[in-house]
Amino acid sequence: MMKRARPHELGTNTFGLLSGQTAEEVKALSAGLAEAALGRPAEIAVAHSPSG
């Protein structure tokens, strides 16, 4: 049975992503995209909520 989704407030300059990828894959993808957009490396933090 699926539980109802709960919205989470994100802070300024914070983005949410739902993905089937691992945290490491998401961090690598995000770091590459951020560096391409900004022209410099960016600080990337990946947090996850336990499923279920």
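The values are calculated or read from the model by the stated rules, or taken from the named source; none is laboratory data. Every value quoted in this text rests on a predicted model; they were computed, and no experiment measured them. Neighbour counts run over all protein chains shown; Cβ positions are idealised from the backbone, glycine included.
Here are the numbers for the structure shown:
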{"item": "Output for segment 13-52, where each listed residue is in a loop (DSSP other than H, G, I, E, B) and either in contact with an Asp or Glu (Cβ under 6 Å, 6 or more places away or on another chain) or surrounded by 10 or more Cβ atoms within 10 Å (Cβ to Cβ) (or both)", "result": "Ser19, Gln21, Thr22, Pro41, Ala42, Ile44, Val46"}
{"item": "Conditions (1) at pLDDT 90 or above; (2) under 10 Å from the mean Cα position of the chain (by Cα); number of the one not met by Leu18", "result": "(1)"}
